[in-house]
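Data first, discussion second: the structure below is written as structure tokens.
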Amino acid sequence: MEQRHLGRTGLRVSRIGLGTLTWGRDVDEHDAADMLKAFWEAGGTLVDTADVYGDGEAEYLLGQLMEGLVPRRDLVISTKAGSVPDPDRRFDGSRGHLLAALDASLARLGTDHVDVWHVHAYDPDTPLEETLQALDLAVSSGRARYAGVSNFCGWQLAKAATWQLATPGTRTRLASTQLEYSLLQRGVEREVLPAALDLGIGLLPSSPLGRGVLTAKYRHSTPPDSRGASEHLAPFVEPYLDDTATRIVDAVQTAADGLAVTPLQVALAWVRDRPGVAAPIVGARNAQQLAGALSVEALTLPDEICRALDDVSAPVHRYPDHDWSTL
């Protein structure tokens, strides 16, 4: 699998990442082992997790698999901290919480460092410089090699990245930002992506298949074994089952038919090759599903198909989202 630099850093990651959102909850240890091995054998390196995935079970399971199945040195482990199960405070970006969460993640993962550590979301109740100091301490102590943020909007990302660049050699520059990005969700193109490109931050798209909708499996009905039929994941899928999504999925299906590939391959190749993207993070239920995503390595979409998909999924960008001179 082709490797790409993560932002303006020396770290290289596989251009498809393996997500573990459902590990330890919907994905058991056997399916997780099969997927991790298949991913590694295909040349994949970037494995993304978080301390809240499966209430910590995803990290624990990944740590167990690294003990005997896949060498730790062959993987780029990315995890996140900052989300908390508190109805009154969804995110805790305080230095104390973040560093304690990192230590707990390392214990579950069974490693002395993670390769990339992300703040899971912006915390409006903690001064941003305090949150960012936790990243600096994590890197300077060797517990994290690189740092990034997740789910920051445009101004939050620009403020954080600029703060980190203000004192070179003292603060850790942001290597990456992780947000949802697909043909069904192109909101990052308004301000986040321009900021990331300007500041040298690599984008790690989550839900690159539109929460599974871009595979076209929901075109005519909801499969009983799908996320859309799952009690706890159906609300996650439902927003992308509207008329706008149907029009985009139909276009993806048409492109797939013309290229003799699957809608999954078309949708994933599109987002993988967007400017600023380092590696889409793909979640799968089993090795068979993952194989479909890994097969996209050999596919590059023709320019005319990319333009057609761009047109059918184009978001509305008006003042002041873009440079005034372009409006």
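Key figures
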item	result
Solvent-accessible heavy-atom area per residue, rounded to whole Å², over the chain at 1.4 Å	44
Per-q log10 I(q)/I(0), the stretch 266-307, q = 0.25, 0.28 Å⁻¹ (Debye; single scatterer per alpha-carbon; no solvent)	-0.92, -1.05
Residue order for 26, 88, 321, 51 - accessible surface, 1.4 angstrom probe, largest first	88, 26, 321, 51
Residues whose placed amide H lies under 5 Å from that of residue 144, excluding near-sequence neighbours	114, 139
Share of carbon and sulfur in the accessible heavy-atom surface of the chain [1.4 Å probe, %]	50
Accessible area of residue 198 in the full protein assembly, 1.4 Å probe (Å², nearest 10)	120
Most to least accessible of 35, 1 (protein chains only, probe 1.4 Å)	1, 35
Label point distance in nm, residue 310-residue 129, each placed 7 Å from Cα along Cα→Cβ	4.1
Shape call, the chain: gyration tensor on alpha carbons, a/c limit 1.5	oblate
Shape category assigned to the stretch 59-137 from the gyration tensor of Cα positions, a/c cut at 1.5	prolate
Theoretical ellipticity at 222 nm over the chain - DSSP helices of four or more residues, -39500 (n - 2.57) apiece, nearest 500	-11500 deg cm²/dmol
Area accessible to solvent at residue 163, 1.4 Å probe radius, in Å²	100
Solvent-accessible surface ranking, highest first, for 80, 217, 159 at 1.4 angstrom	159, 217, 80
Neighbour net charge for residue 77 - beta-carbon separation under 13 angstrom, K R +1, D E -1	0
Accessible-area value, residue 262, 1.4 Å probe, nucleic acids and ligands omitted, Å²	60
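The values are calculated or read from the model by the stated rules, or taken from the named source; none is laboratory data. No experiment lies behind these values; they were computed from the predicted model shown. Every residue, glycine as well, gets a Cβ built from its backbone with ideal geometry; the counts of neighbours run over all protein chains shown. Please note that ligands, DNA and RNA were not included when accessible areas were found on the heavy atoms of the full protein model with its side chains. Shrake-Rupley method; radii C 1.70, N 1.55, O 1.52, S 1.80 Å.
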